[in-house]
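Laboratory data are not the source of any read-out in this text; all were calculated from the coordinates shown. Bear in mind the structure is a predicted one, so any value in this text is a computation, not a measurement. Here Cβ is always computed from backbone atoms with ideal geometry, including for glycine, and neighbour counts include all displayed protein chains.
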């Protein structure tokens, strides 16, 4: 594995069914709403070939972690989104593959995410040899916010559907991004 290559395995456990988890994680364009600490924007890519049934079209993402840098990349789902999981590719500042696996465990779902990427952004490529542990910690921070945000989103959806006694407004908002000046600056640069 080269200095710009990263392999991560993340395991989450959330209250909800694999069907509920697939519905949330399979809709990349909604990630900035429920996982705003990491997903700053998500725009469908227009003009490509029509995706196969059960496979959403590619999405252009602007993401960040705890550290004060952002990444721009395109997520393309490569297998149908099902209650068992799905696979994806990344192209842009990150290049590689990811696989989500959903397994029921009573009233919860165990979620495993395998992420194998290579850093293509010049800053990351130049500094990976030195700062690889920091970049890995940044990924772990982002994924911890993802587990927290997914759990909140599942609670919010159940409350909105009336399957819980508390209303959706009783569910706290998801964690916000760090270094919010970066998000304002990025918005000005793309406007």
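How high is the FRET efficiency from residue 19 to residue 132, r the C-beta distance, R0 45 Å, rounded to 0.05?
E(calc), rounded to 0.05, equals 0.75.
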Exercise. What's the extension gain from residue 9 to residue 79 if we count 0.36 nm per residue and subtract their Cα-Cα distance?
Worked result: 23.3 nm
Exercise. Between residue 43 and residue 114, how many nm apart are label points set 7 Å from Cα along the C-beta direction?
Worked result: 3.4
For this session: Select from 41, 118, 169 the residue whose mean-square fluctuation is largest in a Gaussian network model of the chain (Cα-Cα springs shorter than 10 Å).
Result: 169
Seminar exercise, completed: Placing each pseudo-label 7 Å from Cα in the direction of the beta carbon, residue 97 and residue 169 end up separated by a distance in nanometres of 4.7
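Compute the convex hull volume of the Cα atoms of region 1-150, divide it by the residue count, and report the result per residue in Å³ as a whole number. Write down the numbers at each step before the final one.
Numbers: hull volume 15.3 nm³, N = 150.
Cα-based convex hull of region 1-150, divided per residue, equals 102 Å³.
Once you keep just the Cα pairs under 8 angstrom separated by 6 or more residues, what percentage relative contact order results for the chain? Provide the component values of the computation, followed by the final result.
Details: 364 pairs, mean separation 50.6, N = 191.
Computed value for the chain: 27 percent relative contact order.
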Exercise. Who wins for biggest fluctuation among 131, 88, 25 in a Gaussian network model of the chain, springs between alpha carbons below 10 Å?
Worked result: 131
